[in-house]
Every structure is written in C-alpha cells, then in structure tokens.
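Encoded as structure tokens, the structure appears first; notes follow it.
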Amino acid sequence: MQIKFIFLQTIMQVIMTKCRMSVVVFTSFLLLGGIVVGFYSPSQEAMAQHHGAPPPAAALGDRKLTLDMQMKPTNITQSGDVLMTIAFLDEEKNANVQHVTFRMDISKDEKHILSDFFHDHNGEVKLMFKDKEGDSSSQTIGGNQDVLTNAWIADPGSPITIRGPVFNQSGNYDIGLDLTTIDNDKTDLIEPVEYHLDVKVS
C-alpha cells in the first residue's frame, strides 16, 4: 500500500509540474503578444480630435509622435497662396520621423474637398495651395507619383503644388491626416495613426 501511495504521489507531482509549466508558457505567450500588439498598433490617444490647437501626441508602441504642421501665412485668406509644411516628430529622438506617408482629407461643412496620399523620404511634406479662386471646380496636383507608396512626392527643391478650390471660402476647414508608413517606405502600419485639426480661413 505504501508503495502504491508513493507511486501515486510521484505521478501527481509530475502532473502538477507540467501544469505549472503550461501556465508559465501560456502567460509568457500572452505577455509577448501584448508587447507585439502594443508596438504595431496605435493607442486610442492617436485617434483623439483636438480642435483649435495642435492635436495631442500619438502613442505608437513606446514612441510618441507629434504632428508638426506649419502654415504660411499663419492667417489664411480666401485669395492668398498657402504653404503647408507637415512633419511628424519623434519626441524621444527630437527628430522628424523619416519616410512618412499619409492620407490627407480636407473638408468643410461635412463636404469633402480634397483626399489624397503624400510622401516624403526625409519626413517633411511641403504643399503649396495656389490658384484657389480660379475657374476650375477640381484640384490639380503637381508632383511625382512614388511607385512604392502610391503617393505624391515633390520634385527636388520644390513643394507639391495643389491648384484649385481649397481654402477659397471663409470658415473652418477640417483636416484629417492618416499616417500609414514610417521609418521605411515598406513599413506599413497595421492601423493608420490619425490626427484631426481645424484650419480657419478669413
């Protein structure tokens, strides 16, 4: 009887050890999966709207990406040209993110005016809005098409030009930016990082 008891006790110890190992392996898998998902998926903070001021930084894994948008002139009028410079700052490195691609959507009073993709290898996209009060009812984009990202890129030393009716009426315009690639032209984000802001035209 004592031998049978010792034998059963040994079997139970083996089973409990295997169960503990399975729990450890499963827990490690969940933790690793959480880290991977956290690195490639933007947090909800990236999707927050922030009207009237620059949007908050977007969390992407352990990185914080801040939208840096500059407008010249700062006071936009219906008839004047507008130079828009867009970059995304990596807060920890204090440097622009390279190889950015984003979709820009401009709307006013819930009506879409412009929607297209733009890219820059050095991480700074410059858009020149011209001829806003011309006869055309649509926009013409001047630049080159990047084959890999299928987005507009500028000629060396020149901004991408957008000719046509954008910012040609007074009021508030909603600009949405969906960041789709960073660091490398082939690095597509699983989910775009979204930014929203308002631009006022007088």
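The values are calculated or read from the model by the stated rules, or taken from the named source; none is laboratory data. Treat the numbers as computed from the prediction; the structure is a model and nothing was measured. Note that each Cβ is placed from the backbone with ideal geometry, even for glycine, and that neighbours are counted across all protein chains shown.
Does any residue of the stretch 116-136 turn out to be acidic (Asp, Glu), surrounded by fewer than 18 Cβ atoms within 10 Å (Cβ to Cβ), within 23 Å of the chain's Cα centre (by Cα) and closer than 15 Å to ASP105 by Cα?
Yes, because at least one residue in the stretch 116-136 is acidic (Asp, Glu), surrounded by fewer than 18 Cβ atoms within 10 Å (Cβ to Cβ), within 23 Å of the chain's Cα centre (by Cα) and closer than 15 Å to ASP105 by Cα.
Within the stretch 179-191, restricting attention to residues that are surrounded by 19 or more Cβ atoms within 10 Å (Cβ to Cβ) and not hydroxyl-bearing (Ser, Thr, Tyr), which residue is farthest from VAL82 (Cα to Cα)?
Step by step, filter the stretch 179-191, then rank; the result is ILE182.
What number of residues within the stretch 156-198 satisfy the criterion of being in a loop (DSSP other than H, G, I, E, B) and of a type in the set (Lys, Arg)?
Result for the stretch 156-198: 1.
Mind listing whichever residues of the stretch 158-174 are loosely packed, with under 14 Cβ neighbours inside 10 Å and either within 17 Å of MET104 (Cβ to Cβ) or at pLDDT below 90 (or both)?
ASN172
Which numbered condition trips up LYS126, out of (1) in contact with a Pro (Cβ under 6 Å, 6 or more places away or on another chain); (2) without any contact (Cβ under 8 Å) to a residue 40 or more places away in the chain?
The single condition LYS126 does not satisfy is (2).
Residues that are modelled with pLDDT under 90 and over 15 Å from LEU189 (Cα atoms): does the stretch 58-79 have at least one?
Within the stretch 58-79 (the criterion being modelled with pLDDT under 90 and over 15 Å from LEU189 (Cα atoms)), the answer is yes, since at least one residue qualifies.
Being assigned to a strand (DSSP E or B), more than 20 Å from the chain's Cα centre (by Cα) and either under 20 Å from PRO55 (Cα atoms) or not hydrophobic (A, V, I, L, M, F, W, C) (or both) is the requirement here; does LEU83 meet it?
yes
Kindly indicate which of ASP178, ASP155, ASP183 is touching a residue at least 12 places away in the same chain (Cβ under 8 Å), on the phi > 0 side of the Ramachandran plot and among the charged types (D, E, K, R). Walk me through it before giving the result.
On the way: ASP178 fails: on the phi > 0 side of the Ramachandran plot; ASP155 fails: on the phi > 0 side of the Ramachandran plot.
Result: ASP183 is the single residue among ASP178, ASP155, ASP183 that is touching a residue at least 12 places away in the same chain (Cβ under 8 Å), on the phi > 0 side of the Ramachandran plot and among the charged types (D, E, K, R).
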